[in-house]
Amino acid sequence: MMFGPLLLGATLLATSPEANPNVVVVLVDDLGWQDTSVPFHDERTPFNDRYHTPNMERLAREGALFTDGYASAPVCTPTRASLLTGRSPARNRITYWTFDRNTDTTRRNPSLEAPAWNLNGVQPGVPLLPELLRSKGYRTIHAGKAHWGAHDTAGADPQALGFDVNIAGHASGAPGSYLGTHRFMNGKSASDFSRSSKWDVPGLERYHDREIYLTEALQERAVEEIDRACSDEVPFFLHFAPYAVHTPIMANVRHLERYEGLDRKEAAYATMIESVDVALGAILEALDRNGVAEETVVVFTSDNGGLSAHGRGGVAHRHNAPLRSGKGSAYEGGVRVPWIIRWPGVAESGGRHDAVVVTQDLFPTILSAASIDPPRDHVIDGRDIRPVLEGATPDRTVLFHQPHTWGASGPGIEPFSAVRSGPLKLIFFHGDRRFELYDLESDPGETMELSRRNPQELRRMRDLMHQELISQQAQLSIDRSSGLPVVLPAIIRSDTHPGDDT
Ligand code: CA
């Protein structure tokens, strides 16, 4: 994999880079649709001017971006599981975030209970993306936050899920601290370092007691692994998943000066974003330096929408504007995220697509890039993105499904199912069985609820949702009063609304 342009013919004779491109997936944690200087909206926003992400800009210039790209879910583990399995959170029955073994992290809700979901998250035994790549000769490298399987289960360890190399990944979804001087631990001083906690980041002892930010340590280790794979001439899959920009929101002081006008919390948040961008830049530079950029697919996205309900400065639920709400929510702020793909020879440089794509699409897309047939009898929900990059505009319906009450409160933060089809999105809130219908093309902020105005589309979208829930064997919330799963209300007449008293 170490050949310059003059030797390309010889490379093709040996191992075709077209058949075995390297794959880098940068899966940022909680990075919102507006947490970048790259405009994903159809006009620049104040957030695009606030944040400084020149390497994301570079990637978007050299690759293609998706304006309507989604995370599989509004919280961490379900999206991460969908990347590994190609299946939706509903089909995986990994519909919420995991932590302790056999322990439900769902917040208590007065009227609903979560269904019997996979409390332990991803476990060995099903076909997983890194394993499939490894079987084709790839070196598979995970760096950063894993959060696939619960503590004290096999799935807590990325090496049990098909990764040859695990840098700092385990069952927890946040670091105790971002600072090397804190040893990335929950305890923040020397007297605390003898007390371990489940939030301590494992495996980075080399950086303990040093003035280094967690994202920088992960970046350094990831670049070392890129160099090593290139030196060994093996194709590699790098899953670079920085713990940032998840809480605890802690500044990287190296970047603070640029954000002087912001309140302290938001300035710290902006430095977390910039640190991720610097890491992306270092990865791109390592690909250049090793001469493999032209034979490497690079994907940049996030595992859910930006945090906005709590823990931030500024106005709550407005950090993803013009999208509504944020992490945890059924609204677009919860699930629409940055999506950029640089794929030499496939993605048009500077391309801008409005096709709907979602995290589980990366499973068949990456397998296709690596010329690996998807495993038989493993039903998947993701779709190969390559035809879209080549100009196709396929019809599709994407189901979002979170039958759980999240820890914080805010707009759309309720147990829900939702479908996106064309420009329309229908949300079904399990608690009061209400439907909300939006046209995202004209109203990305979900401000104009259309179900009364457009009962025919309401009925059509309700039927689509029903089909998707059935075909993905989705488990709806359990009604505490009856002990039975919630059912979708029938829409009997096109001129009535389920809430109408008729
Ligand atoms: Ca997340």
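We did not get these values from a lab; they are worked out from the coordinates using the rules stated. Values in this document were obtained by computation on a predicted structure and should not be read as measured data. Quick reminder, even Gly has a Cβ in these numbers, built from the backbone with ideal geometry, and neighbours come from all protein chains shown.
Work out how far the C-alpha atoms of the chain reach from end to end along every principal axis, then list the three figures in whole Å, largest first.
Its Cα atoms span 73, 58, 46 Å along the three principal axes.
Arrange the following residues from fewest to most other Cβ atoms within 10 Å of their Cβ: Ser197, Ser477.
Ser197, Ser477
Could you list Glu446, Glu348 in order of exposure, starting from the residue whose Cβ has the fewest other Cβ atoms within 10 Å?
Listed from fewest to most nearby Cβ atoms, that is Glu348, Glu446.
Would you mind checking which residues have amide H under 5 Å from Val358's amide H? H placed 1.01 Å from N; only 5 or more apart, or other chain.
Tyr70
So for Cys76, Cys230, fewest C-beta neighbours within 10 Å to most, what's the order?
Cys230, Cys76
Tell me, what HN-Hα J-couplings in whole Hz come from the Karplus equation 6.51 cos²θ - 1.76 cosθ + 1.60 at θ = phi - 60° for each residue of the range 360-368, using x for Gly and Pro?
Running phi through 6.51 cos²θ - 1.76 cosθ + 1.60 with θ = phi - 60° gives 5, 5, 5, 4, x, 5, 5, 4, 5 Hz.
What distance in nm separates the two pseudo spin-label positions at His151 and Arg453, each 7 Å out from Cα along the beta-carbon direction?
For the pair His151/Arg453, the computed spacing is 5.0 nm.
What ³J(HN,Hα) values, in whole Hz, does the Karplus curve 6.51 cos²θ - 1.76 cosθ + 1.60 give for the range 19-24 when θ = phi - 60°, with x put for Gly and Pro?
7, 10, x, 5, 10, 10
Can you give me the C-alpha center-to-center distance between the range 465-492 and the range 44-67, rounded to a whole angstrom?
39 Å
For the range 363-399 and the range 132-197, what is the separation of their C-alpha centers, rounded to whole Å?
Going from one Cα centre to the other spans 29 Å.
Taking H as built 1.01 Å from N, whose amide H comes closer than 5 Å to the amide H of Ile413, not counting residues under 5 places away?
Ala330
Of Lys145/Lys425; Lys265/Lys327; Lys145/Lys188; Lys145/Lys327; Lys265/Lys425, which sit over 23 Å apart, Cα to Cα? Present the calculation step by step, with values, prior to reporting the outcome.
Values: Lys145/Lys425 31 Å; Lys265/Lys327 17 Å; Lys145/Lys188 20 Å; Lys145/Lys327 17 Å; Lys265/Lys425 33 Å.
Result: Lys145/Lys425; Lys265/Lys425 exceed 23 Å.
Report the antiparallel proportion of the DSSP beta bridges in the chain as a percent, rounded to a multiple of 5.
If we restrict to bridges inside the chain, about 55 percent are antiparallel.
Pairs of Cα atoms under 8 Å, at least six residues apart: use those to get the relative contact order of the range 415-479, whole percent.
About 25 percent, as a whole number.
Short version: ³J(HN,Hα) in whole Hz for each residue of the range 60-73, in order, from phi by Karplus 6.51 cos²θ - 1.76 cosθ + 1.60 (θ = phi - 60°), x for Gly and Pro, what are they?
Values per residue, Gly and Pro as x: 5, 5, 8, x, 10, 10, 10, 6, 10, x, 10, 7, 5, 8 Hz.
Around His239, with a cut-off of 15 angstrom between Cβ atoms, what is the net charge of the other residues, counting Lys and Arg +1 and Asp and Glu -1? All intermediate terms of the calculation are to be shown ahead of the outcome.
Working: positive: Arg80, Arg134, Arg139, Lys145, Arg221; negative: Asp29, Glu131, Asp157, Asp164, Glu225, Asp303.
Counting the neighbours of His239, the net charge comes to -1.
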